[in-house]
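First comes the structure, then the notes that go with it.
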Amino acid sequence: MSHAELAQRHRRVMPAWLDLYYDEPIELVRGAGRRVTDGEGREYLDFFGGLLATMVGHDVAEVTEAIQAQAGRLLHSSTLYLIRSQVELAERIARLSGIENAKVFFANSGTEAVETALLLATQRRRSHQVLALRGSYHGRSFGTVAATGIRGWSATALSPLAVTYVHSGYRYRSPFGNLDDAGFIAACAEELRTIIETSTAGDVACLLAEPVQGAGGFAVPPDGFFPAMKEVLDDYGILLVSDEVQSGWGRTGRSFFAMNGTGATPDAITFAKGLGNGVAIGGVVAPAELMDCLGAHSISTAGGNPLATTAGVATLDYLLSHDLQANADLVGKRLFAGLRDIADGCPLVGEVRGMGLMIGVELVVPGTRDPAVTATSRVLEAAREHGLLIGRGGLLGNVLRVTPPMTVTAAEADEALAVLRAVLTEVSI
Ligand code: PMP
């Protein structure tokens, strides 16, 4: 069956809001390293990693074999029984989180992870009022969708969660005018304080924040932003929840969890995506005092199941033993410099930004800051035609997202840069 027929069936039976990339959607059927092959035999360089979930590359023997061996022994038992790989993985994540006396809860997705963190924070502070950053993305459940600060994604007005948005540190479209870093940070902290004082009932549970916004288009706030925000939060006893579903595992090149690298200590960290290298897993790490505040009895049927946590242990082993954080830093800098160089000769590029292997390229109508949304679609299409898969995002849908698996090599980065140079110069508005 052709991709066109499959796409037709997809449209008939799947929700209209479940987006597919490309005018002619593709089905990926095989992968090795950073290469994937579609059902019609075309090969692509994968610089989106299945929405950043393919962390160490496709079909890595150490991960695949661990999953296969576990699948042959036992697929499932539930949280009612001991699961060795679950305990091991929790201990490792607790250590790597930098949180003292940490405990870990495993869920099946990023959405569930953030939902759980919201549950903990709202329960702990006895308040359903939370703060979130403009341009944030946190998931598709009742709570996380309400905390998502991108119009079009935050679909429901009926959530029981009361959410107020504050500035994310995204400077390219800052409402604060042309300030230096210190002035900008002070303005954001002041806005946060004013919002807490005037736009909430005064009993805010937490600020939910991505240290580097993913779907929002890889906005990286200036150094000092999160410590300044945290100082304000501390004045009111408000918890800082760092959503590291995209930015965790050393992908930013700076620290294992990105918030730790900012100098602000989070009260809880949510994670998902890369940990299973594609096998569904998510979770929260938080101090025992916060984690245990729910008090109620609970289970999670498949949360932390043997298959997912075995995949997690094997992926983490691979990540750490190959020092992929250092690779993310090294190759990320090469990609960043290459994209900056392309941008110099390409008026379509408004800004290149990011950190490590989270790089965004914001496309604008030349000479303005108006979003070049159609051109963004064209670049995505043209890159695919040249054999390169990348993502898109941004508040206005005009940001290219370049996020290869953390095993990406310098040669592959150069190959992707050559494609991007070609398509960015040939595509018109
Ligand atoms: N938080 C962030 C920062 C995300 O990027 C995402 C997914 N893009 C989620 C939460 C939700 O994760 P999932 O799609 O696994 O539910």
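Every read-out reported here was derived from the displayed coordinates using simple, explicitly stated rules and does not represent laboratory data. Given the structure is predicted, the values throughout are model-derived calculations rather than measurements. Cβ atoms come from the backbone with ideal geometry, glycine included; neighbour counts cover every protein chain shown.
Among 299, 185, 83, which one shows the biggest mean-square fluctuation in a GNM of the chain, springs joining Cα atoms closer than 10 Å? Greatest mean-square fluctuation among the candidates belongs to 299.
Rounded to the nearest Hz, the phi-derived 3J(HN,Hα) couplings of region 413-419 under the Karplus curve 6.51 cos²θ - 1.76 cosθ + 1.60 (θ = phi - 60°) are 4, 5, 4, 5, 4, 4, 5, where x marks glycine and proline.
With a simple spin-label model that places each label point 7 Å from the Cα along the Cα-to-Cβ direction, the separation between residue 69 and residue 333 comes to 3.7 nm. When 17, 153 are arranged by Cβ crowding within 10 Å, least crowded first, meaning fewest neighbours, the order is 17, 153.
Note on region 211-341: with charges restricted to the Cβ of Lys and Arg (+1) and Asp and Glu (-1), its dipole about the Cα centre is near 560 debye. Computed over region 64-321, the P(r) tail beyond 23 angstrom holds 49 percent of alpha carbon pairs. Counting only lysines at least 8 places from residue 273 when in the same chain, those with an alpha carbon closer than 22 Å to its own are 103.
Which of the three applies to region 88-141, rounded, prolate or oblate, going by the alpha-carbon gyration tensor with a ≥ b ≥ c and a/c under 1.5 meaning rounded? Kindly include the intermediate steps, with their values, before the conclusion.
Values: a/c = 1.96, a/b = 1.51, b/c = 1.30.
The shape class here is prolate.
Relative contact order of the chain, taken over Cα pairs closer than 8 Å and 6 or more residues apart, is 22 percent.
What are the trypsin sites (Lys or Arg not before Pro) within region 13-46 that DSSP puts in a loop, where the Cβ has at most 16 other Cβ atoms within 10 Å? Here the trypsin sites (Lys or Arg not before Pro) that fit, given the DSSP loop and packing criteria, are 42. The Cβ shell under 14 Å around residue 283 holds other residues with a net charge of -3, Lys and Arg each +1, Asp and Glu each -1.
Loop-only check: which chymotrypsin sites (Phe, Trp or Tyr not before Pro) in region 78-137 are DSSP coil with at most 11 other Cβ within 10 angstrom?
Working: sites: 81, 105, 106, 137; in loops: 81, 137.
Taking region 78-137 and a limit of 11 other Cβ atoms within 10 Å, the loop chymotrypsin sites (Phe, Trp or Tyr not before Pro) found are 81.
Amide H contacts of residue 35: 46, 58, each under 5 Å away and 5 or more positions distant or on a separate chain (H built 1.01 Å from N in the peptide plane; Pro and chain starts excluded).
For region 165-171, 3J(HN,Hα) computed residue by residue from phi via the Karplus equation (6.51, -1.76, 1.60; θ = phi - 60°) reads 9, 10, 5, 8, x, 7, 8 Hz, glycine and proline entered as x.
Would you mind counting up the charge near residue 212? Only other residues with Cβ under 12 Å from its Cβ, with Lys and Arg at +1 and Asp and Glu at -1. Once positives and negatives cancel, what remains is +1. Taken about its Cα centre, the chain carries a charge dipole of roughly 560 debye when the Cβ of each Lys and Arg holds +1 and the Cβ of each Asp and Glu holds -1. Using the Cβ of residue 35 as centre and a radius below 13 Å, the other residues enclosed give a net charge of -3, where K and R count +1 and D and E count -1.
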